[in-house]
Amino acid sequence: MKPSHTVTNFCKNIKGLRERCGLSVEDMAKLCNVSVSTLHKAESGELSPRSALVIVAGLHDALGVSPSQLISEDCLED
C-alpha cells in the first residue's frame, strides 16, 4: 500500500527540518525525546502513529513547528 501524501510530506519535512537546522539524527532524536532508530523510521516512513505524535510534540516544543506545518507540502519553503 502506497503511503498517503500526508505521510510522505511528514517524513520529508522531518528530514528537511533536521537538515535545515543543521542537526544530526542523534541531536534531533534527543530534541524529540525518541531513539535514533525511531527518527530513522520516521524519516523513511516506517513509524507508528504513537511515534509520530511524540516527534510532532518534540518538534513543536523544540523548534516551534506546528503539526499542520509538518504535513504541509510547503513546510520547507522560505
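Details
- Looking across Lys41, Lys12, one residue alone is of a type in the set (D, E, K, R) and in contact with an Asp or Glu (Cβ under 9 Å, 6 or more places away or on another chain). It is Lys12.
- Selection of segment 19-78 for residues being among the acidic types (Asp, Glu) and closer than 15 Å to Thr8 by Cα yields Glu43, Glu46, Glu73, Asp74.
- Residue in segment 16-31 that is more than 11 Å from the chain's Cα centre (by Cα), modelled with pLDDT of 85 or more, surrounded by fewer than 18 Cβ atoms within 10 Å (Cβ to Cβ) and hydroxyl-bearing (Ser, Thr, Tyr) present: yes
- Remark: Ser48 matches the filter, which requires a residue to be over 10 Å from the mean Cα position of the chain (by Cα), loosely packed, with under 14 Cβ neighbours inside 10 Å and of a type in the set (S, T, N, Q).
The values are calculated or read from the model by the stated rules, or taken from the named source; none is laboratory data. Model, not experiment: these values are computed from the prediction. For neighbour counting, all protein chains shown are included, and Cβ atoms are generated from backbone atoms with ideal geometry for every residue, glycine included.
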